[in-house]
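In what follows, a structure is listed as structure tokens, so that the remarks can point back to it.
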Amino acid sequence: MIGTRVLIVGYGSIGSRHTRLLSELGCDVAVVSTREIDFPKRHVTLREGWLAHRPTLVVVANATAAHHAALAELAQLGHAGDVLVEKPVFDHVLPLPANNFRQFRVAYNLRFHPVLSRLCEALATQRVISVQAYVGQYLPNWRPDTDYRLCYSAHADQGGGALLDLSHDLDYLSWMTGSWRRVAATGGHMSPLEINSDDVFFLLYESDRCPVIGVQLNYLDKLGRRQVIVNTADHTYEADLVRSSLKIDGEEVHFPVERDTTYRAMHVAMLSGNPMQACTVQEALDTLALCDAARDAAAGGYWRQR
């Protein structure tokens with residue numbers, strides 16, 4: 001782990017976080033950014049950075065719409081180490097570039113939240129009957145130092161929109177209850193926010209292990225909430241990721257979590273060479289297919305079968 005050569009592609013808010021955390025973990029980190037940044041090892045192009053640094057791990061954290069091109073270039077360069085791509089893997093379903101990557105994962109870091117880890121463990125041996133999940137955060141408050149109208153979230157052509165941006169919740173539900181089978185949905189740009197991406201989406205779907213799943217994702221909630229309620233044949237679970245708590249039949253347990261906990265745990269798993277809990281690229285493409293199907297279902301007003 002210490003001294004592992006890592007190349008970070010992109011240095012926005014999430015790229016800078018990956019850079020800081022991997023540096024704190026003792027990695028030898030270089031960054032690819034076209035902007036002048038306050039970091040000593042900076043390269044302008046991916047090719048330049050990869051040839052100069054010869055990384056063991058590459059973290060792709062540029063704009064979502066640019067992920068596919070970055071992965072294709074890494075494959076052409078002959079990268080045979082590990083790759084971690086920020087979520088969502090693409091802005092719509094695309095074929096993966098042929099590659100020789102060793103470990104290829106997608107950064108749905110909420111899989112490493114202790115509340116969800118405990119919930120997933122509990123559900124593994126139970127019959128799941130219904131799930132209701134909700135996530136909302138007011139976009140203008142999301143990045144306080146940035147005009148929300150200029151960030152990628154505001155622009156559909158950059159991979160923004162609540163459906164993709166907040167797809168963490170679709171990922172962890174698939175992790176817990178299996179792949180989706182059919183979906184109905186409604187949503188789009190409903191609010192006065194000055195954006196051209198969707199700001200609210202609601203999905204009703206069924207999965208391999210659960211017949212009734214409802215999920216709302218939005219850019220509108222001024223309180224900021226992320227919650228999930230699960231009914232099984234034996235118990236009722238209520239998880240609150242903002243409060244880091246899990247209620248089991250009303251009895252509440254709190255988990256110590258700080259802002260970087262899930263990201264740090266994800267990186268430790270990647271660096272260990274055994275990132276089994278991390279989202280695979282095929283799982284991420286399945287979540288992306290659910291997003292594409294939800295858009296189709298919302299536009300057509302019908303159930304979309306898998």
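The values are calculated or read from the model by the stated rules, or taken from the named source; none is laboratory data. A quick note: this is a predicted structure, and the numbers were derived from the prediction, not measured. Because the Cβ atoms are built from the backbone with ideal geometry, glycine has one as well, and the counts that use them run over all protein chains shown.
Please specify each residue of segment 194-220 satisfying the condition of being touching an Asp or Glu at 6+ places or on another chain (Cβ under 7 Å), buried (at least 19 other Cβ atoms within 10 Å of the Cβ) and within 19 Å of ALA156 (Cβ to Cβ).
Passing the criteria: LEU217, ASN218, TYR219.
All conditions in (1) buried (at least 20 other Cβ atoms within 10 Å of the Cβ); (2) in contact with a Gly (Cβ under 9 Å, 6 or more places away or on another chain) hold for HIS155, with the sole exception of (1). Contact annotation: residue pairs with Cβ atoms under 6 Å, 6 or more positions apart or on different chains, pairing a residue in segment 108-123 that is of a type in the set (Phe, Trp, Tyr) with a partner that is at pLDDT 95 or above and surrounded by fewer than 20 Cβ atoms within 10 Å (Cβ to Cβ), are PHE112/ALA265. At least 1 residues being under 23 Å from PHE255 (Cα atoms) and out of contact with any Ser or Thr (no Cβ under 7 Å at 6 or more places or on another chain) is the threshold, and among the strands (runs of 3 or more DSSP E) wholly inside segment 75-187 those reaching it are 104-107, 128-136. Looking across segment 221-246, the residues that are in contact with a strand residue (DSSP E or B) (Cβ under 6 Å, 6 or more places away or on another chain), surrounded by fewer than 17 Cβ atoms within 10 Å (Cβ to Cβ) and among the hydrophobic types (A, V, I, L, M, F, W, C) come down to ILE229, VAL242. Filter segment 256-306 for residues that are modelled with pLDDT of 95 or more and of a type in the set (Val, Ile, Thr) and give the result. Across segment 256-306, the qualifying residues are THR261, THR262, VAL268, THR280, VAL281, THR287.
Just to be sure, is THR56 over 23 Å from PRO88 (Cβ atoms), among the β-branched types (Val, Ile, Thr) and free of Cβ contacts under 8 Å to residues at least 60 places away in the same chain? Step through it out loud before you land on a result.
Values: over 23 Å from PRO88 (Cβ atoms): yes; among the β-branched types (Val, Ile, Thr): yes; free of Cβ contacts under 8 Å to residues at least 60 places away in the same chain: yes.
So THR56 fits the description; yes.
Just the residues that are crowded, with 18+ Cβ neighbours inside 10 Å and touching a strand residue (DSSP E or B) at 6+ places or on another chain (Cβ under 8 Å), please, taken from segment 288-306. The answer is LEU290, ALA293, ALA294, ARG295, ALA297, ALA298, ARG304.
So is ALA63 touching a helix residue (DSSP H, G or I) at 6+ places or on another chain (Cβ under 9 Å), at pLDDT below 95, of a type outside the set (D, E, K, R) and not assigned by TED's automatic domain parsing to the domain that holds SER197 or not? It is true that ALA63 is touching a helix residue (DSSP H, G or I) at 6+ places or on another chain (Cβ under 9 Å), at pLDDT below 95, of a type outside the set (D, E, K, R) and not assigned by TED's automatic domain parsing to the domain that holds SER197.
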